[in-house]
Amino acid sequence: MDLSIIIPLYNEAESLPELKAWIDRSLQGFTYELIFVDDGSTDGSWEVVQQLAGQAGAAGSLVHGIRFRRNYGKSAALYEGFAAAKGDIVITMDADLQDSPEEIPEMVRMIREEGYDLVSGWKQHRQDNALTKNLPSKLYNWTARKVTGIKLHDMNCGLKAYRQEVVKNIEVYGEMHRYIPYLAKNAGFGKIGEKPVHHQKRKYGVSKFGLDRFVHGFLDLMSLWFLSRFGGKPMHFFGTSGILMFLVGFVMTVWIIVAKLVHQAQGLKFRAVTDQPLFYLALLAVVLGVMLFLAGFLGEMVARSAPERNRYQVKERL
């Protein structure tokens, strides 16, 4: 099978028939499966998916459905979709008719002919509210580029194409769907491309995402960055930080004590060590340094006990 097209959805019943017809028109000549993942919809979306699965579709196309008992989020939907995908190339797109299926053939060509592992869409001209969507999105993407080192203008675009081995070797969890290119890079799939895509205005319903996604997205980005840098070697971060903080506190303590003794020996006015606020700051630094070092030690023990500690991505064997 050429393509697996994974479509997470939540309360998009009105859009689904139109979306399937649009995909069928755009992908003539391909064999493909549509995998609709219903993320706990309450508007009859699942009944629509059942109807689409029972209809005669375009030649070489199949319709599958996965239904969650409740709303788990987009990452969970993509995780299940990736596990079910059988196509050589996997496509992800949103169900709200804002992503154009007509972009898919060119993205497939970029993977097949130009050797990309992943091609991400770039919504150059977003049809969203400039204040609540466009400006925060630009800031978010700028931060993501700086942290991940991946030069994508639109990291979170729902329209993406992947080689099958990419989606089978990454784990999407929590709200990490925003950073799939970074997950792919960390798994060893470094050839990541970008294609400008047409973005439509929402035709039915309302957006399911609010401004809080940018706060959550930033926190998720920091988590991913930390795990990619220190997930397998926590002592390198916590141990180094702990030692530095301990040394700072120790040097401050010695300096305070020596200064007091020198003043006392010279008959000069001096303050008791325990009367100086700096002494307590130095003591705090020593205690925090020891705690950070112990945190790194415990993290190292956990990392060395993890069953996946020696699980690596092997590209090929002879």
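The values are calculated or read from the model by the stated rules, or taken from the named source; none is laboratory data. Keep in mind that what you see is a predicted model, and the values were worked out from it rather than measured. Don't worry about glycine lacking a Cβ; one is built from the backbone with ideal geometry, like all the others, and counts go over all protein chains shown. Areas reflect the complete protein model, heavy atoms only, side chains present, ligands, DNA and RNA absent. Shrake-Rupley method; radii C 1.70, N 1.55, O 1.52, S 1.80 Å.
Rounded to the nearest 10 degrees, the angle from helix 16-26 to the longest Cα principal axis of the chain is 80 degrees. Do you know the relative contact order of region 213-298, to the nearest whole percent, from alpha carbon pairs under 8 angstrom that are 6+ apart? Reported as a whole number, the value is 45 percent. By accessible area, using a 1.4 Å probe on protein heavy atoms only, region 1-143 has 49% of its surface on carbon and sulfur. A cut-off of 5 Å between modelled amide H atoms, ignoring neighbours fewer than 5 places along the same chain, links Ser15 with no other residue. Sorting the Cα pairs of region 217-273 by distance into bins of 10 Å, from 0 upward, gives 21, 25, 19, 15, 14, 7, 0 percent per bin. Residues whose amide H lies under 5 Å from that of Ala58, counting only those 5 or more places away or on a different chain, are absent; hydrogens are built 1.01 Å from N in the peptide plane. If you wrap the Cα atoms of region 39-101 in a convex hull and average its projected area over all directions, you get 5.1 nm². Treating region 59-190 as a set of equal point scatterers at the Cα positions, no solvent, please give the Debye-formula log₁₀ I(q)/I(0) at q = 0.10, 0.13, 0.14, 0.16 Å⁻¹. Values, matching the q order: -0.33, -0.58, -0.67, -0.89. The trypsin sites (Lys or Arg not before Pro) of region 33-92 that meet both conditions, a loop assignment by DSSP and at most 10 other Cβ atoms within 10 Å of the site Cβ, are Arg69, Arg70.
Residues considered: Ala272, Ala295, Ala184. Largest GNM mean-square fluctuation over the chain, using C-alpha springs under 10 Å, is found at Ala272. Could you tell me which of Ile257, Val290, Phe30 has its Cα farthest along the dipole of the chain towards the positive end, charges placed at Cβ (Lys, Arg +1; Asp, Glu -1), taken about the Cα centre? Working it through, the farthest residue towards the positive pole turns out to be Ile257. The packing ranking, built from the mean of other Cβ atoms within 10 Å per residue, places the peptides 274-283, 226-235, 91-100 in the order 91-100, 226-235, 274-283, highest first. Rg ratio for region 182-298: its Cα radius of gyration over 2.2 N^0.38 Å, N being its residue count, equals 1.90.
Per-residue ellipticity at 222 nm computed for the chain from its helices equals -15000 deg cm²/dmol, with DSSP H segments shorter than 4 residues left out and the rest contributing -39,500 (n - 2.57).
For Ile257, Ile170, the ranking by accessible surface with the largest value first comes to Ile257, Ile170, using a 1.4 Å probe. Charge tally for Glu14 (other residues, Cβ to Cβ under 9 Å; Lys, Arg +1; Asp, Glu -1): -2.
The mean accessible area for residues of the chain, using a 1.4 Å probe and ignoring ligands and nucleic acids, is 55 Å² per residue. Pairs spanning more than 29 Å between alpha-carbon atoms, out of Lys74/Lys138; Lys168/Lys203; Lys86/Lys233; Lys74/Lys146; Lys146/Lys233; Lys151/Lys233: Lys168/Lys203; Lys86/Lys233.
Computed from Cα positions, the angle between helix 104-114 and the longest principal axis of the chain comes to roughly 60 degrees. Taking the C-alpha atoms only, the angle from helix 234-265 to the longest principal axis of the chain is near 20 degrees. Look at the alpha carbon pairs under 8 Å that are at least 6 residues apart: their mean separation over the length of the chain gives a relative contact order of 17 percent. Result for the chain in a Gaussian network model with C-alpha springs under 10 Å: among Ile89, Ile256, Ile35, the largest mean-square fluctuation is at Ile256. Each Lys and Arg adds +1 at its Cβ and each Asp and Glu adds -1 at its Cβ; summed about the Cα centre, region 72-116 shows a dipole of about 260 debye. With the whole protein complex present, His198 retains an accessible surface near 110 Å², based on a 1.4 Å probe.
The mean of 1/r over all distinct Cα pairs in region 1-112, once inverted, gives the Kirkwood hydrodynamic radius of 13.9 Å. Between amide H atoms placed 1.01 Å from N, distances below 5 Å from Arg67 occur with Asp38, all of them 5 or more places distant or on a separate chain. Going by accessible surface with a 1.4 Å probe and the largest first, Trp46, Trp225 read Trp225, Trp46. To the nearest 10, the accessible area of Tyr79 is 100 Å² with a 1.4 Å probe. Full extension of the segment from Arg25 to Lys138, taken as 0.36 nm per residue of separation minus the current Cα-Cα distance, would add 37.4 nm. Please work out how much accessible surface Thr31 shows to a 1.4 Å probe, ignoring ligands, DNA and RNA, in Å² rounded to 10. Counting only protein heavy atoms, the figure is 60 Å². In this structure, Asn71 and Lys201 have a Cβ-Cβ separation that, at R0 = 22 Å, corresponds to a calculated FRET efficiency of about 0.35.
Inverting the pair-averaged 1/r between distinct Cα atoms of the chain gives 22.8 Å as its Kirkwood hydrodynamic radius.
Which residue, Ala76, Ala265, Ala85, has the most motion in a Gaussian network model of the chain that connects Cα atoms within less than 10 Å? Ranking Ala76, Ala265, Ala85 by mean-square fluctuation puts Ala265 first.
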